[in-house]
Amino acid sequence: MIFLKTEDEIELLRKSNLLVGKTLAEVAKVLQPGVTTAELDKVADEFIRDNGAEPTFKGYQNPYGGIPFPASICTSVNGQVVHGVPGDVVLKDGDVVSVDCGVKLNGFCGDSAYTFCVGEVSEEVRNLLKVTKEALYIGIGEAVEGKRVGDIGYAIQQYCEDHTYGVVREFAGHGIGREMHEDPFVPNFGKRGSGPLLKRGMCIAIEPMITLGDRKVVLENDDWTVRTLDFSPAAHFEHSMAITSGKADILSSFQFIEEVLGDKVF
Ligand code: MG
Ligand code: MG
């Protein structure tokens, strides 16, 4: 069932999503070669709790069974696509890491992700990140009242495949509200004019997961981490937004992150 949100509920979702953006900015401040992904998780967890919120990822039940998610952010490095578990992995010059963060504040969820460069990253991989972020905004451009969920996926898929990248099929965006994952499912591929109708008051997260090589993914032994089968690098950017009659109202923000990144933003 798709829950339409009132204006008051959308404002609560905005607060939660802005906290996610600020949390990712705190992570950006300490992200450099030599830091472990567990250290990034600690920074995020403390910042979320200091701001009176709960990290929604921590304890999240694995749909495939196994252990609940043990951390407050997902850190997916290089060929890892999403749901990477923070640990003693040391980030090194040339890595890319997707950091995905979710919070619950006043009963409403925030969810947003950004893929960061660690030190100097090859132009080939930087371009993958750039195109993935562009694809996110192209998808958001389709997220308008009266269009359909398939229009979003179609636009993202076309743009990324035109750049010869792979579009991961197994994971997708989603509705967001009191629960982090609500209906509808918002795939990054699809047919124009297909899928649920977008209505004013719907709140969704769009999150392209794009690969430099083949789009096939596998689940690692930790039951969480999703990585490319061919180990090619992947990128992941995510915004949460409310559907309105005009341009989507983006509730999350990359502004805080990009202020930290400064001239390294592309
Ligand atoms: Mg997310
Ligand atoms: Mg999400």
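Cβ-Cβ under 7 Å, sequence separation 6+ or interchain: first residue in the stretch 1-28 and within 20 Å of Asp100 (Cα to Cα), partner among the charged types (D, E, K, R) and not in a helix (DSSP H, G or I). Which pairs?
Leu13/Lys5; Ser16/Lys104; Val20/Asp111
On the basis of being out of contact with any His (no Cβ under 9 Å at 6 or more places or on another chain), closer than 21 Å to Ile73 by Cβ and within 14 Å of ligand 1 (Cβ to nearest atom), does Glu207 make the cut?
no
On the given criteria, is Leu91 open to solvent by less than 10 Å² (accessible area, probe 1.4 Å) and within 30 Å of Gly195 (Cβ to Cβ)?
No, not satisfied.
Within the stretch 30-46, take every residue that is outside any helix (DSSP H, G or I) and hydrophobic (A, V, I, L, M, F, W, C) and give me the one that is nearest to the chain's Cα centre (by Cα).
Looking at residues that are outside any helix (DSSP H, G or I) and hydrophobic (A, V, I, L, M, F, W, C), I get Leu31.
Being open to solvent by 50 Å² or more (accessible area, probe 1.4 Å) and within 21 Å of Ser76 (Cα to Cα) is true for just one of Arg215, Arg227. Which residue is that?
Exactly one residue qualifies, and that residue is Arg215.
Mind checking which strands (runs of 3 or more DSSP E) fall wholly inside the stretch 125-238 and carry at least 2 residues that are within 17 Å of the chain's Cα centre (by Cα) and closer than 16 Å to Leu251 by Cβ?
Counting at least 2 such residues, we get 173-175, 182-186, 203-206.
Looking at the stretch 42-85, which of its residues are open to solvent by less than 10 Å² (accessible area, probe 1.4 Å), in contact with a helix residue (DSSP H, G or I) (Cβ under 8 Å, 6 or more places away or on another chain) and polar (S, T, N, Q)?
Ser72, Thr75
Counting only residues that are hydrophobic (A, V, I, L, M, F, W, C) and more than 9 Å from ligand 1 (Cβ to nearest atom), which one in the stretch 91-113 is farthest from Gly34 (Cα to Cα)?
The qualifying residue farthest from Gly34 (Cα to Cα) is Phe108.
The values are calculated or read from the model by the stated rules, or taken from the named source; none is laboratory data. Just so you know, these numbers come straight off a predicted model, no measurement behind them. Every residue, glycine as well, gets a Cβ built from its backbone with ideal geometry; the counts of neighbours run over all protein chains shown. When the accessible area is computed, the model is the full protein with side chains, heavy atoms only, and any ligands, DNA or RNA have been set aside. Shrake-Rupley method; radii C 1.70, N 1.55, O 1.52, S 1.80 Å.
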